[in-house]
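Structure record follows, encoded as C-alpha cells.
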Amino acid sequence: MAVTDTETEAELDATAVEGGSGHGRPADVLPPVWANGTDHKYIGSLFVFVALVFLVVGAALALVMRAQLTSADADVVGARTYAQLFTMHGTFSVFLFLLPVWLGLGSAIVPLQVGAARIAFPRLHAMSFWVFVIGGAMVAAAPAVSDVFSGWALGSPIPEKLGVRGNGPDFLILGLALVCLAAVLVSVNILVTILQLRAPGLTLRRVPLFSWSMLVSGAVMILALPILIGAFLMLFVDRHYGASLFSGYTGGRGGNPLVWPRLFWFGAYPFLWALLIPALGAVSQIVATFAGRRLFSHDRAAAVLGAVGILAFAGWGSEVRTLERARPMFIVGALVILAPVALLVLNWLATLRLADKESPDRSGLRRGLGQAPMLWALGMLPVLALGLAAAVVSALDAGRDAHTNYWQAGQQHALYFGAATIGAVAAINFWGPKLWGRRLSETLAKLEVLAIVGGTLLTVLGMLALGVQDMATHLPTYASDDGWGPANLAVTAGAAVMGLGLLLLVADLLVSIVLQKGLQAGPDPWGGQTLEWATPSPPPPHNFDALPEIRSATPLLDLRTAQAGTAQSSVDQPQGAAR
Amino acid sequence: MTVVAVPAAAANLPVPAADLTPIVLPTGAPVPGPTPGRPRRGTATIGALLLVTADAMVLAALVATYLAIKSGSSAWPPVGVRVSTYPPTMISITAIMSAFSVQWAVYSTRRQDSRNAAIAMILTLFLGAAMANLEWLSFTRTGFGVRAHPYGTLYYLLIGYHLVHLVLAVIMGLVLAFRTMAGHFSNDRHDPLRAGAVVWQYGNVVWFVVLTTLFLLSRHG
C-alpha cells in the first residue's frame with residue numbers, strides 16, 4: 001500500500017489529484033509493465049535488459065572486426081562492411097549500452113537509496129523508456145536501410161553526403177536524437193527525485209555516492225545531450241532536406257564544415273565522462289561496503305565526483321582537429337580532469353588500508369575482497385589506471401592535426417568504455433540481487449572477472465602498441481610488411497577472451513536471475529550501508545514499509561554499529577563496524 | 001507502523017556483524033525512522049525548470065551554429081533576401097502580453113480566484129494561437145525555401161523551434177485551463193500550473209533569443 005497512517009490529509013489529497021493511475025495504486029499488485037507499468041524498478045530493469053542485449057550485439061560486431069584485423073591482408077569482410085561494423089560497434093557501445101545501463105540502474109536504485117517511495121515522475125519515466133526503445137530500434141535498423149559508415153562520431157561522410165546514398169544515416173541520426181531525448185528525460189527524473197523526494201534527514205551531503213554520481217552525471221547529460229539533439233536536428237535537415245549548414249564551401253552554398261565536429265564534441269566529450277561518473281560512484285560504494293567501514297572520506301569523494309562533472313566541459317576541443325589556436329587550453333582541460341579521478345582512486349585505497357588496519361586478523365576484509373561485486377570493483381582499478389596513464393599521453397597530443405591512431409582508441413577503450421563497463425557490471429552484481437531477488441554466481445564471477453578484465457587489459461595494451469606503431473583506426477586491412485601483425489593478434493586475443501567472459505556473464509544472468517537459480521538475496525546480502533538494503537529484495541512497489549533513522553550517509557552502518565554497542569557484552573566487537 | 005522490516009542478517013555477510021534480526025535502538029524501542037520521501041511542494045516546477053534548462057541547450061546549439069556560419073559569410077543575410085519585420089514585431093508584443101497573462105493566472109489561483117484564473121488561461125491560449133498564426137504567416141512570405149542557403153535553413157529552424165514549443169505549450173495550456181476550470185488548483189496547491197507558467201515563460205525567452213539572433217543582430221529592410 002502506498003499510504004501510511006503517518007501521512008496527512010493533504011498528502012492523501014495530493015496523491016488523489018496529481019497521482020492518477022499507476023503510482024497512487026492502493027494495492028501491491030502492479031500491472032504488467034507493457035500495460036501502463038510505471039514502477040521505477042520495472043522500468044529501470046527493462047533499461048538494463050535492453051542495454052545488455054545491445055552489449056552482446058556490440059561485442060559480436062567487435063569480434064567480426066577483430067577477425068578481419070587479426071592477420072595482414074585478411075578478407076573476412078570487405079572495406080565497406082568493415083566501416084559499417086566500425087560505426088555500429090561504437091554507436092551501440094556508447095548510446096545503446098553504456099547510456100541505458102546507467103539510466104536503468106540509476107532510475108531503479110536512486111529512489112531506493114534516497115529513501116523515496118517512488119521516482120518523481122513515474123509516467124514520464126515509462127514514456128522515456130519507450131522513446132528510448134523506438135530510438136534504439138531506429139539506430140539498429142539504420143544499416144539495414146542503407147549503408148552507414150561514419151564512425152560513431154558521425155564524422156566526414158555524413159555531413160558532406162559524399163558517397164552516402166539512401167536513408168540509413170537519417171534513421172541513425174533521428175534514432176540517436178530520440179535516444180538522447182530519452183536520456184535527458186530520465187536524467188531530469190532522477191535529479192528531481194534526488195532534489196525533492198529524499199527521506200527526511202537525508203540531506204544533500206548525506207546522499208549516497210552512487211546517487212550523488214547519478215546527480216552529477218544527470219546534470220552533465222542535461223547540459224550536454226541537448227547540444228547533440230540540436231546538432232542531430234540540423235544534420236538531419238542538412239541530409240534529408242538538402243540544406244547546407246555543415247556541407248562546406250564546396251558547393252558554394254555557404255555552410256561551414258568546421259562547425260560539425262565542434263558541435264558534436266562539445267556535447268559528446270562531457271557525455272563520455274558522464275558515462276564514467278556513475279561507475280566511479282558505484283565502485284566507491286562497493287569498496288566501502290566490502291571494506292566493512294565508512295569510505296575514507298565521503299565528502300571528498302562527493303567533491304571530486306562533482307569536479308569531474310564540471311571539468312568534463314573543459315576538454316571537448318581535445319577531440320577536434322581544427323582548433324589550432326585553442327589547443328593549449330584543451331590540453332590543460334583534458335589533463336586537469338584526470339586529477340579528481342586519481343584522487344577518488346586514492347580515497348578507495350585509503351579506505352581499504354584503514355579497514356585492513358582496523359581488523360586484527362583481517363578475516364573480515366579478506367572475505368569481503370573475495371565477493372563478486374568487490375572483485376569487479378577491484379578489476380576496474382588496473383583498467384582505470386591504464387586509461388588514466390594513456391589519457392595523459394593522448395591529452396598532450398590533443399587536437400594534433402593527424403589521423404586518429406590506435407593510441408586514442410586504446411585510451412578510450414580503457415577509460416570510458418572499459419572502466420565504465422566493468423563498473424556497470426560491478427553495479428549489476430551489487431544491486432542486481434536487490435532488484436531481482438537473486439544473487440549471481442560467486443564461482444562464475446571469478447572466471448568472468450578474470451576473462452573480462454584480463455581481456456580488456458590485453459586489448460588495450462595491444463591497441464596502445466598499435467598506437468606507438470601509428471596504425472590508423474579506420475583501416476579495414478593492412479599489409480604484412482607494416483609490422484602491425486603481433487599487436488593486432490594481441491588485440492584480437494584480448495577481444496576473444498572478453499567475448500568468452502561476456503558469454504559467461506550472460507549465462508550467469510540467465511541462470512541466476514531469469515531462471516531464478518541464484519542464491520536468495522535476502523534484504524541485505526552484502527552488509528550494505530545505505531537505505532536500499534533496509535527493504536526486502538525485490539522491494540515492494542512502495543519501496544519501504546519503514547526507514548531507519550538517517551544521521552549520516554551510511555544509516556544502516558550506523559544502525560549496525562549502534563547494535564554492536566549494545567551487544568558488546570555477549571558478542572565480540574564486529575571488525576568492520578568500527579567507530 | 002510499529003514493526004520495522006529492516007534486514008535479517010544473511011549468513012554470508014562479509015562483516016561478521018552482531019545479530020541484526022530486530023532493528024531496534026539500544027533502548028529496545030523500535031527505530032523511530034522517518035517516512036519514505038514523497039513529492040514535496042514544487043516538484044513539478046523544479047522538473048519544469050530542469051527540462052527548460054535542457055531545452056535551452058538545444059537552442060544554444062542552433063544559435064551557436066547560426067553565429068558560426070554567419071561569421072564566415074560575406075553577406076548576411078544573403079544578397080537579395082528580405083524578410084518582413086512586421087511579424088516578429090507583432091510576435092514580440094504578443095509574447096510580452098502572454099507573459100503577463102500567464103502570471104495573472106498563477107496570481108489569481110494563488111488568491112483562490114478561479115474565475116479570473118480561467119479567464120487568464122484562456123487569454124493566454126488565445127495569445128499563443130495568435131503567435132503561432134503570425135509565425136506561420138512569416139513562413140509563407142519569405143520567398144526562400146529550407147534548402148536555399150544556410151540563412152534560410154536557420155531562419156526556418158529557429159522560428160520553427162519556437163513554433164514547435166508554442167504548439168506544445170498551447171496543448172499543455174489547454175489541459176491546465178480545463179484543470180483550472182475543474183477546480184483542481186487551490187491557493188496552496190497549484191504546482192502543475194506554476195510548472196506550466198515556467199514552460200510558457202521559457203517559450204517567451206526562446207522567442208526573444210530568436211528575435212535577437214535573427215533580426216536584431218542582422219540588417220533587414
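You will find that of B:VAL83, B:VAL63, the residue that is modelled with pLDDT of 90 or more and in contact with a Leu (Cβ under 9 Å, 6 or more places away or on another chain) is B:VAL63 and no other. For the range A:282-300, state whether one or more residues are at pLDDT below 90, touching a helix residue (DSSP H, G or I) at 6+ places or on another chain (Cβ under 6 Å) and closer than 30 Å to B:GLY47 by Cβ. No, because not a single residue in the range A:282-300 is at pLDDT below 90, touching a helix residue (DSSP H, G or I) at 6+ places or on another chain (Cβ under 6 Å) and closer than 30 Å to B:GLY47 by Cβ. As a summary of the residue check, A:GLN113 satisfies the conditions (1) away from chain B (no Cβ under 14 Å); (2) within 21 Å of the chain's Cα centre (by Cα) except for the one numbered (1). Scanning the range A:499-541 for residues that are of a type in the set (Gly, Ala, Ser) and more than 17 Å from A:LEU447 (Cα to Cα) yields A:ALA521, A:GLY522, A:GLY527, A:GLY528, A:ALA534, A:SER537.
Scanning the range A:534-550 for residues being more than 18 Å from A:PRO122 (Cβ to Cβ) and either acidic (Asp, Glu) or more than 11 Å from every other protein chain (Cβ to nearest Cβ) (or both) gives a total of 2.
For every residue, the table says whether it meets (1) out of contact with any Pro (no Cβ under 9 Å at 6 or more places or on another chain); (2) closer than 30 Å to B:SER74 by Cα.
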| site | (1), (2) |
| --- | --- |
| B:LEU154 | yes, yes |
| B:TYR161 | yes, yes |
| B:VAL175 | no, no |
| B:ALA182 | yes, no |
| B:GLY203 | yes, no |
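State yes or no: is A:SER441 hydroxyl-bearing (Ser, Thr, Tyr) and under 30 Å from A:ALA288 (Cβ atoms)? For A:SER441, the condition - hydroxyl-bearing (Ser, Thr, Tyr) and under 30 Å from A:ALA288 (Cβ atoms) - is met.
Restricting attention to the range A:513-544 and to residues that are part of a helix (DSSP H, G or I) and modelled with pLDDT under 90, the residue that is surrounded by the most Cβ atoms within 10 Å (Cβ to Cβ) turns out to be A:ALA534. Scanning the range B:174-216 for residues that are more than 20 Å from B:ALA120 (Cβ to Cβ) and among the polar types (S, T, N, Q), which turns out surrounded by the most Cβ atoms within 10 Å (Cβ to Cβ)? Here the residue is B:THR213. Among the residues of the range B:45-69, those that are in contact (Cβ under 8 Å) with a residue 24 or more places away in the chain and either over 30 Å from A:LEU197 (Cβ atoms) or more than 7 Å from chain A (Cβ to nearest Cβ) (or both) comprise B:THR45, B:ALA48, B:LEU49, B:VAL52, B:ALA56, B:LEU59, B:LEU62, B:VAL63, B:THR65, B:TYR66, B:LEU67, B:ILE69. The set of residues from the range A:458-495 being touching a strand residue (DSSP E or B) at 6+ places or on another chain (Cβ under 9 Å) and surrounded by 15 or more Cβ atoms within 10 Å (Cβ to Cβ) comprises A:LEU466, A:GLY467, A:GLN469, A:MET471, A:THR473. All conditions but one from (1) within 13 Å of chain A (Cβ to nearest Cβ); (2) closer than 30 Å to B:GLY72 by Cα; (3) more than 16 Å from the chain's Cα centre (by Cα) apply to B:SER138; the one that does not is (1).
Listed here are the residues, each with its yes/no results for (1) aromatic (Phe, Trp, Tyr); (2) over 28 Å from A:PHE266 (Cα atoms); (3) in contact with a His (Cβ under 8 Å, 6 or more places away or on another chain).
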{"residue": "A:PRO278", "(1), (2), (3)": "no, no, no"}
{"residue": "A:GLN285", "(1), (2), (3)": "no, yes, no"}
{"residue": "A:THR289", "(1), (2), (3)": "no, yes, no"}
{"residue": "A:ARG300", "(1), (2), (3)": "no, no, no"}
{"residue": "A:PHE313", "(1), (2), (3)": "yes, no, no"}
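Just one of the numbered conditions (1) within 7 Å of another protein chain (Cβ to nearest Cβ); (2) under 30 Å from B:GLY145 (Cβ atoms) is not true of B:TYR86: (1).
Within the range A:499-512, being surrounded by fewer than 20 Cβ atoms within 10 Å (Cβ to Cβ) and either touching a residue at least 60 places away in the same chain (Cβ under 8 Å) or closer than 19 Å to A:TYR42 by Cα (or both) holds for A:GLY499, A:LEU504, A:VAL506, A:ALA507, A:LEU510, A:VAL511. For the range A:301-335, the set of residues classified as of a type outside the set (A, V, I, L, M, F, W, C), surrounded by 22 or more Cβ atoms within 10 Å (Cβ to Cβ) and not in a helix (DSSP H, G or I) consists of A:GLY315 only.
A:PHE86 satisfies every condition listed in (1) closer than 25 Å to A:TYR478 by Cβ; (2) free of Cβ contacts under 8 Å to residues at least 40 places away in the same chain except (2). Taken as a whole, the range A:358-378 holds no residue that is at pLDDT 80 or above, more than 27 Å from A:LEU440 (Cβ to Cβ), more than 13 Å from chain B (Cβ to nearest Cβ) and in a helix (DSSP H, G or I).
For the range A:491-507, residues that are closer than 13 Å to A:MET463 by Cβ and among the β-branched types (Val, Ile, Thr) total 2. Does the range A:431-447 include one or more residues that are assigned to a helix (DSSP H, G or I) and within 16 Å of the chain's Cα centre (by Cα)? Among the residues of the range A:431-447, at least one is assigned to a helix (DSSP H, G or I) and within 16 Å of the chain's Cα centre (by Cα), which makes the answer yes. Only one of the numbered conditions (1) surrounded by fewer than 24 Cβ atoms within 10 Å (Cβ to Cβ); (2) aromatic (Phe, Trp, Tyr); (3) more than 26 Å from A:PRO100 (Cα to Cα) is not met by A:TYR406, and that is (1).
When restricted to residues that are of a type in the set (A, V, I, L, M), more than 10 Å from every other protein chain (Cβ to nearest Cβ), farther than 21 Å from A:TYR42 by Cα and not in a loop (DSSP other than H, G, I, E, B), the range A:186-242 contains 5. Just one of the listed residues (B:GLY37, B:GLY72, B:GLY42) is in contact with a strand residue (DSSP E or B) (Cβ under 8 Å, 6 or more places away or on another chain), within 29 Å of A:ALA224 (Cβ to Cβ) and at the interface with chain A (Cβ under 9 Å from one of its Cβ atoms), and it is B:GLY37.
Could you check, for the range B:179-191, whether at least one of its residues is within 14 Å of chain A (Cβ to nearest Cβ), over 15 Å from the mean Cα position of the chain (by Cα) and assigned to a helix (DSSP H, G or I)? Yes.
A:TRP273 - would you say it is within 13 Å of chain B (Cβ to nearest Cβ) and within 31 Å of the chain's Cα centre (by Cα)? Answer is no for this residue. Scan the range A:341-351 and give yes if some residue there is at pLDDT 85 or above and under 30 Å from A:PRO261 (Cβ atoms), otherwise no. Within the range A:341-351 (the criterion being at pLDDT 85 or above and under 30 Å from A:PRO261 (Cβ atoms)), the answer is yes, since at least one residue qualifies.
The values are calculated or read from the model by the stated rules, or taken from the named source; none is laboratory data. Here the structure is a predicted model, which means the values were calculated and not measured. Methodologically, a virtual Cβ is constructed for each residue, glycine included, from the backbone with ideal geometry; neighbour enumeration extends over all protein chains shown.
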